[in-house]
Amino acid sequence: MPPELAEAARALFGDRLDLAAAYAEVLATDGVVRGLIGPREAPRIWDRHLLNCAAVAERIPPDASVLDVGSGAGLPGLVLAIARPDLTVTLVEPLSRRTSFLVEVVEELGLAKTVRVFRGRAEEAATGSTGVGPFSADVVTARAVAPLDRLAAWCLPLTVRGGRLVAMKGVSAAEEIAEHAEAVAKLGGGEPSVQLCGVGVIEPPATVVEIVRERVVNQPRVKSAAKRSRGGRRRGR
């Protein structure tokens with residue numbers, strides 16, 4: 001870890017900093033070898049990935065259930081599980097090589113009691129069309145997955161009524177809201193808002209778009225080949 005980031009890392013991970021460091025080591029080594037993290041990203045694991053993902057934890061209430069859509073290498077879902085042991089986290093990822101990596105990391109870090117891995121798309125998790133689920137959660141997270149309209153279509157059905165989609169976005173967050181607010185409303189979402197996470201702790205702060213699921217909107221059932229759910233225990237709703 002770069003020395004200049006040590007204070008922020010301690011503030012965000014507390015007494016689980018060693019666990020975060022173990023995850024960072026896996027990302028920078030096995031994660032690169034297996035193509036989950038680009039080689040140029042390895043020197044920036046902490047500032048570009050771990051710290052900004054951990055900062056999002058401030059937008060999640062205590063003891064919440066979390067679904068992380070398009071989890072990839074576990075960002076932000078696995079980082080949130082490390083920073084917040086009170087959370088129950090499901091990592092939703094359709095690609096086999098990524099879910100295999102996630103299952104291994106969850107076991108290696110000793111997180112199987114609070115983290116599970118579901119291999120499948122968000123639509124399949126929401127409908128239970130794989131024979132596992134359906135799933136729902138208090139908070140659904142996503143990072144760099146898709147534009148806001150598509151993201152809302154995938155994630156809001158996984159969110160309990162009154163729960164929130166917390167989507168990590170960049171500097172164009174306000175533009176996305178202006179472009180897609182109408183589509184979000186049709187999907188049952190409230191007015192999207194931009195929130196900055198980690199102000200005074202990390203620079204720049206992490207930018208997220210939050211959408212509350214205000215209404216339940218019926219969506220067509222997804223038909224697809226069955227896939228397996230792996231890792232962790234079946235928990236939640």
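If you check every pair at least six apart or on different chains, which have Cβ atoms under 6 Å apart with a residue in the range 138-161 that is in contact (Cβ under 8 Å) with a residue 60 or more places away in the chain first and a residue that is of a type in the set (Lys, Arg) and open to solvent by 30 Å² or more (accessible area, probe 1.4 Å) second?
Filtered contacts from the range 138-161: VAL139/ARG164.
Could you list, ordered by first residue, the pairs with Cβ atoms under 9 Å in which the first is in the range 16-27 and touching a residue at least 24 places away in the same chain (Cβ under 8 Å) and the second is basic (Lys, Arg) and outside any helix (DSSP H, G or I), at least 6 apart or interchain?
Final answer for the pair search is ARG16/ARG84.
I need a count of the residues in the range 22-36 that are under 15 Å from ARG97 (Cβ atoms) and open to solvent by 60 Å² or more (accessible area, probe 1.4 Å).
2
Tell me the residue from VAL32, VAL92, VAL79, VAL26 that is assigned to a helix (DSSP H, G or I) and farther than 20 Å from GLY110 by Cβ, please. Before the answer, list the steps.
Numbers: VAL92 fails: assigned to a helix (DSSP H, G or I); VAL79 fails: farther than 20 Å from GLY110 by Cβ; VAL26 fails: farther than 20 Å from GLY110 by Cβ.
Exactly one residue qualifies, and that residue is VAL32.
Residue-by-condition table, conditions (1) surrounded by 19 or more Cβ atoms within 10 Å (Cβ to Cβ); (2) more than 20 Å from GLY35 (Cα to Cα); (3) touching a residue at least 40 places away in the same chain (Cβ under 8 Å); (4) in contact with a Pro (Cβ under 7 Å, 6 or more places away or on another chain):
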site	(1), (2), (3), (4)
LYS113	no, yes, yes, no
VAL117	yes, no, yes, no
ALA122	yes, yes, yes, no
PRO134	no, yes, no, no
VAL166	yes, yes, yes, no
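For the range 50-104, name all the residues that are more than 16 Å from ALA167 (Cα to Cα), β-branched (Val, Ile, Thr) and touching a helix residue (DSSP H, G or I) at 6+ places or on another chain (Cβ under 6 Å).
The one that is more than 16 Å from ALA167 (Cα to Cα), β-branched (Val, Ile, Thr) and touching a helix residue (DSSP H, G or I) at 6+ places or on another chain (Cβ under 6 Å): ILE82.
Test of understanding: among ASP63, ASP86, ASP68, which residue is open to solvent by less than 10 Å² (accessible area, probe 1.4 Å) and either in a strand (DSSP E or B) or under 23 Å from ALA11 (Cα atoms) (or both)? Quick ask: steps written out before the conclusion?
Values: ASP63 fails: open to solvent by less than 10 Å² (accessible area, probe 1.4 Å); ASP86 fails: open to solvent by less than 10 Å² (accessible area, probe 1.4 Å).
Testing whether each residue is open to solvent by less than 10 Å² (accessible area, probe 1.4 Å) and either in a strand (DSSP E or B) or under 23 Å from ALA11 (Cα atoms) (or both) leaves just ASP68.
I'm trying to understand the selection: among the residues of the range 37-55, which are crowded, with 21+ Cβ neighbours inside 10 Å and assigned to a loop (DSSP other than H, G, I, E, B)?
The one that is crowded, with 21+ Cβ neighbours inside 10 Å and assigned to a loop (DSSP other than H, G, I, E, B): ILE37.
Please go through the range 32-60 and give me each residue that is out of contact with any strand residue (DSSP E or B) (no Cβ under 7 Å at 6 or more places or on another chain), over 20 Å from PRO3 (Cα atoms) and either at pLDDT 95 or above or among the hydrophobic types (A, V, I, L, M, F, W, C) (or both), ordered by number.
VAL32, VAL33, LEU36, ILE37, ALA57
To keep it simple, each residue is scored yes or no on (1) at negative phi; (2) open to solvent by less than 10 Å² (accessible area, probe 1.4 Å).
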{"position": "PRO157", "(1), (2)": "yes, no"}
{"position": "GLY163", "(1), (2)": "yes, yes"}
{"position": "LEU187", "(1), (2)": "yes, no"}
{"position": "LEU196", "(1), (2)": "yes, no"}
{"position": "GLY200", "(1), (2)": "no, no"}
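Across the range 10-25, what is the number of residues that are over 24 Å from GLU210 (Cα atoms) and touching a Leu at 6+ places or on another chain (Cβ under 8 Å)?
From the range 10-25, those over 24 Å from GLU210 (Cα atoms) are 10, 14-25; that's our starting set.
Filter once more, keeping what is touching a Leu at 6+ places or on another chain (Cβ under 8 Å): 10, 19-20, 22-24.
Final tally of qualifying residues: 6.
Just wondering, is there one or more residues in the range 98-107 that are under 24 Å from ARG213 (Cβ atoms), crowded, with 24+ Cβ neighbours inside 10 Å and touching a residue at least 12 places away in the same chain (Cβ under 8 Å)? Lay out the reasoning, then the answer.
Going through the range 98-107, the residues under 24 Å from ARG213 (Cβ atoms) turn out to be none.
Checked the range 98-107: no residue is under 24 Å from ARG213 (Cβ atoms), crowded, with 24+ Cβ neighbours inside 10 Å and touching a residue at least 12 places away in the same chain (Cβ under 8 Å).
Within the range 169-185, track down each residue that is open to solvent by 20 Å² or more (accessible area, probe 1.4 Å) and among the aliphatic types (A, V, I, L, M).
Answer for the range 169-185, where residues must be open to solvent by 20 Å² or more (accessible area, probe 1.4 Å) and among the aliphatic types (A, V, I, L, M): VAL171, ALA174, ILE177, ALA178, ALA181, ALA183, ALA185.
The values are calculated or read from the model by the stated rules, or taken from the named source; none is laboratory data. In this text, all values refer to a predicted model and were calculated from it rather than measured experimentally. As a convention, Cβ positions derive from the backbone with ideal geometry for all residues, glycine included, and neighbour counts pool all protein chains shown. Surface accessibility is based on the protein's heavy atoms, side chains included, excluding ligands, DNA and RNA. Shrake-Rupley method; radii C 1.70, N 1.55, O 1.52, S 1.80 Å.
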